[in-house]
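Here is the structure we will look at.
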Amino acid sequence: MSDEGAICCAWAQERLEPYLDGELPAAEASALQTHLHSCSACATELQRAERVLAGLRALPVCACPPHVAAAAWARLQALGSHQRRQRARDWLDGWLVPHWRVAGAATVGLVLVLAAGYQHTRAAARAREVARAQAQVEWTLAYVGELGRRTGLTVREQVVRPHVVAPVQRAAAAAGQRRSL
Amino acid sequence: MIGRFRRLCARHQDRVFTFARYYLGQREDAEDVTQEVLVRLWEHGAQIPEEELPAWLATVRRNACLDLLRRRRSERAVVSSSGGCEPLERAVAPGPQPDGLVQDAELRAQLEGGLQLLPEAQRAVVVLREVQGMTYEQISQALGLPLNTVKVYLHRGRRALRGYLGEHVP
């Protein structure tokens with residue numbers, strides 16, 4: 001083969017692929033076609049290129065096995081729980097540890113506030129109980145006084161003296177007589 | 001939530017698996033890559049505009065394949081060129097078949113094996129373009145290559161395949 005023929009074949013075979021794709025400029029496509037008409041080797045090479053191209057485009061779509069998606073989902077679930085734990089650790093490492101003084105002071109302050117609140121609550125409860133008892137005594141005395149006013153009876157003369165004082169005096173006198181005997 | 005995940009997988013998994021299958025040449029590797037891509041798709045896919053999703057997905061699956069290849073290279077000292085390519089052993093149909101089908105099966109086996117011999121960038125372009133039908137623009141965006149470079153890689157890849165197959169292509 002002459003140098004001119006070899007150059008032409010090399011030139012032609014470099015352009016077979018873009019020629020198949022229709023991307024060769026018109027002038028080059030025309031020159032290539034002229035060469036292919038006269039060169040059986042390059043014509044055979046073109047057929048081979050067409051066969052390769054057709055074979056590639058005929059390669060089938062591969063069905064993904066079902067377990068792949070299931071495994072991906074399981075991995076996402078594991079990643080999710082791991083990320084939650086990691087975020088908690090990151091928060092501890094990123095904020096709590098560097099700011100432990102602030103965190104400690106805030107914790108102590110919170111405890112003190114809760115304790116003060118508890119004491120205040122207890123004192124308030126006692127005060128309420130005393131006030132309630134006082135109110136009951138005042139009400140009772142008022143009731144007794146009103147009762148005495150309406151009935152003309154006095155509590156001291158008609159109730160306390162005969163039912164409280166007199167029995168105590170009689171018991172004391174009886175005890176004194178038994179000692180003298 | 002799992003229902004939404006299943007719908008997402010149904011829409012994309014075959015395409016991802018097909019690319020990985022032809023790019024890596026090993027079924028088990030393709031399954032690992034597909035799983036990885038599905039996880040990334042679930043975590044980040046919602047942030048990608050619909051029109052950019054094909055290119056984004058192509059980027060992710062190709063990068064996942066490259067990551068796996070790097071891991072494999074660090075695990076294996078030598079890759080056998082004859083025994084390690086699964087398609088050459090499994091793609092040829094057993095038993096007597098019509099000549100045309102035998103030729104097609106042999107051609108498919110040779111093409112799958114030949115793809116593994118291409119440089120990675122050419123292999124990715126050939127699979128994305130000829131097997132999965134992506135446009136030059138999508139491939140350019142997915143692989144971060146200029147448009148003309150995509151065309152050059154495609155043509156060189158196909159020419160290399162033609163050369164590798166040699167007399168096996170009738």
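The values are calculated or read from the model by the stated rules, or taken from the named source; none is laboratory data. A quick note: this is a predicted structure, and the numbers were derived from the prediction, not measured. Glycine gets a Cβ as well: all are built from the backbone with ideal geometry, and neighbour counts include every protein chain shown. Surface areas here come from the heavy atoms of the whole protein model, side chains and all, with no ligands, DNA or RNA. Shrake-Rupley method; radii C 1.70, N 1.55, O 1.52, S 1.80 Å.
Structure summary
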quantity	calculated
Listed residues B:C9, A:C8 arranged by accessible area, highest first, probe 1.4 Å	A:C8, B:C9
Burial ranking of peptide ranges A:12-18, A:111-117 (average Cβ count within 10 Å, highest at the top)	A:12-18, A:111-117
10 Å Cβ neighbours from other chains, averaged over peptide B:147-158	3
By average C-beta atoms within 10 angstrom, highest first, the peptides A:125-137, B:115-127, B:61-73	B:115-127, B:61-73, A:125-137
For residues of B:109-119, the mean tally of beta carbons on other chains within 10 Å	1
Charge sum, other residues only, whose C-beta stays under 9 Å from B:C65's C-beta, Lys/Arg counted +1 and Asp/Glu -1	-1
Gyration tensor (alpha-carbon) shape descriptor, the range B:1-80, a/c threshold 1.5	prolate
Area of A:S30 that stays accessible when all protein chains are in place (1.4 Å probe, Å², to 10)	60 Å²
Peptide A:70-79, shielding by other chains (average Cβ, 10 Å cutoff)	5
Peptides A:169-177, B:132-140, B:104-112, A:58-66 ordered by average Cβ neighbours within 10 Å, highest first	B:104-112, B:132-140, A:58-66, A:169-177
Within the range B:118-135: backbone nitrogen closer than 19 Å to the B:E52 label point (7 Å, Cα to C-beta)	B:135
